[in-house]
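The values are calculated or read from the model by the stated rules, or taken from the named source; none is laboratory data. In this text, all values refer to a predicted model and were calculated from it rather than measured experimentally. When we count neighbours, we look across all protein chains shown, and the Cβ atoms used for this are built from the backbone with ideal geometry, even at glycine. Side chains are part of the model used for accessible areas, which takes the heavy atoms of the whole protein and leaves out ligands, DNA and RNA. Shrake-Rupley method; radii C 1.70, N 1.55, O 1.52, S 1.80 Å.
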Amino acid sequence: MPIRIVQLGTPRAPGEGSRIGTVRRPPRGVPKTEFASRNYYDVWYPELSPEPELMHAAQAAIKLYESGDTAEADKQWKAFEKQFRKQLAQAPQARTLDLLAALSHSSAFSLGCYCENEAHCHRSILRSLLQDLGADIKN
């Protein structure tokens, strides 16, 4: 039962299991009682999202991608990725990733964020780290 890496708020796939929201903030304008029914998440786990200052750096890189300045955007994204990987290498995040990798072999669940483009989202880094840990991940 592989982990699915998803965009929060999108329709759930059959057999997806519980959704874990790896976001810093809950969805705006959505009552807490409706997070799951609107396909955001069943469990909120902000410990696997970038720290606020780090998220600002990622958003700056994304704006550069959108403006067409890919060289500078790539540079900033790589700096963000390096810092986010460093954040996730610390306890308890590292232990959480170990746990999720182990559970991926026997439990159905998904991890997600709001970003539309996974390539420019922290969930792409989560995917890579979980793959490195031997997690079973649905492509």
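Within the set 94, 61, the sole residue that is farther than 22 Å from residue 135 by Cβ, of a type in the set (A, V, I, L, M, F, W, C) and at pLDDT 95 or above turns out to be 61. Applying a threshold of 9 Å to beta carbon distances and a minimum spacing of six or more residues, or different chains, the list of pairs starting in the stretch 17-44 at a residue that is more than 16 Å from residue 99 (Cα to Cα) and of a type in the set (Ser, Thr, Tyr) and ending at one that is open to solvent by 70 Å² or more (accessible area, probe 1.4 Å) and assigned to a loop (DSSP other than H, G, I, E, B) reads 40/114.
Look at (1) closer than 24 Å to residue 38 by Cα; (2) among the polar types (S, T, N, Q); (3) in contact with a Leu (Cβ under 6 Å, 6 or more places away or on another chain) and you find that residue 83 fails only one, number (1). Taking (1) hydrophobic (A, V, I, L, M, F, W, C); (2) within 19 Å of residue 49 (Cβ to Cβ); (3) open to solvent by less than 60 Å² (accessible area, probe 1.4 Å); (4) in a helix (DSSP H, G or I) in turn, residue 73 satisfies each apart from (2).
Summed over the stretch 5-33, the residues that are over 27 Å from residue 87 (Cα atoms), among the charged types (D, E, K, R) and loosely packed, with under 12 Cβ neighbours inside 10 Å give a count of 1. Within the stretch 122-139, the set of residues being among the hydrophobic types (A, V, I, L, M, F, W, C) and either without any contact (Cβ under 8 Å) to a residue 40 or more places away in the chain or farther than 17 Å from residue 106 by Cα (or both) comprises 125, 126, 129, 133.
Of the residues making up the stretch 6-42, those that are in a strand (DSSP E or B) and within 19 Å of residue 118 (Cβ to Cβ) are 6, 7, 19, 20, 21. Restricting attention to the stretch 101-118, does a residue exist that is modelled with pLDDT of 95 or more, under 11 Å from the mean Cα position of the chain (by Cα), within 22 Å of residue 138 (Cβ to Cβ) and part of a helix (DSSP H, G or I)? Scanning the stretch 101-118 turns up at least one residue that is modelled with pLDDT of 95 or more, under 11 Å from the mean Cα position of the chain (by Cα), within 22 Å of residue 138 (Cβ to Cβ) and part of a helix (DSSP H, G or I).
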